[in-house]
1. log10 I(q)/I(0), Debye, Cα-only the chain, no solvent, q = 0.13 Å⁻¹?
2. Which of the peptides 84-95, 41-52, 13-24, 58-69 is most tightly packed, and how do the rest follow, going by the mean number of other Cβ atoms within 10 Å of each residue?
3. If you take every residue apart from Ala12 with its C-beta less than 13 Å away from the C-beta of Ala12, what net charge results, scoring Lys and Arg +1 and Asp and Glu -1?
4. Taking amide H atoms as placed 1.01 Å from N in the peptide plane, list the residues 5 or more away in sequence, or in a different chain, whose amide H sits under 5 Å from that of Gly54.
5. Between Ala33 and Ser18, what is the label-to-label distance in nm when each label sits 7 Å out along the Cα-to-Cβ direction?
Amino acid sequence: MLAALAWANLYAATELISPGALLVTGADQPDLARWHERESLFIHFSLTTLTTVGYADVAPVAAARSAAMFEGVFGQFYIAVVVAQFVGSKLAEVGARNSGERR
């Protein structure tokens, strides 16, 4: 969740530097002049990009497109690392249990 919030802040900065960095293409158009609607849009886009779900209601344009690609790759590596840590700790636990039974 912290990674998604960090990426959302990156999109917020990108929007400040280059207005129109995210193109909203849904019937539910948020009022980007209001802070809480703008922030919820960035968090929504970040979570869907990080998990590679991608609802296609928000599309990155220009500089935000590169950030979205990096976030998608980051999300996949993050999931792989977390799963590898779980598997590694489980294997270490089973290995410790088996070496204790042999004694």
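1. -0.53
2. Details: 84-95: 10.0, 41-52: 20.2, 13-24: 14.4, 58-69: 16.7.
Final packing ranking: 41-52, 58-69, 13-24, 84-95.
3. Working: positive: Arg38; negative: Glu15, Glu37, Glu39.
Once positives and negatives cancel, what remains is -2.
4. Sorted by chain and number, the residues that satisfy this are Thr49.
5. The modelled label-to-label distance comes out at 2.5 nm.
All of the numbers you see were taken from the coordinates with simple rules; none came from a lab. Quantities reported herein were computed from a predicted structural model and do not represent experimental measurements. All Cβ positions, glycine included, derive from the backbone under ideal geometry; neighbour counts span all protein chains shown.
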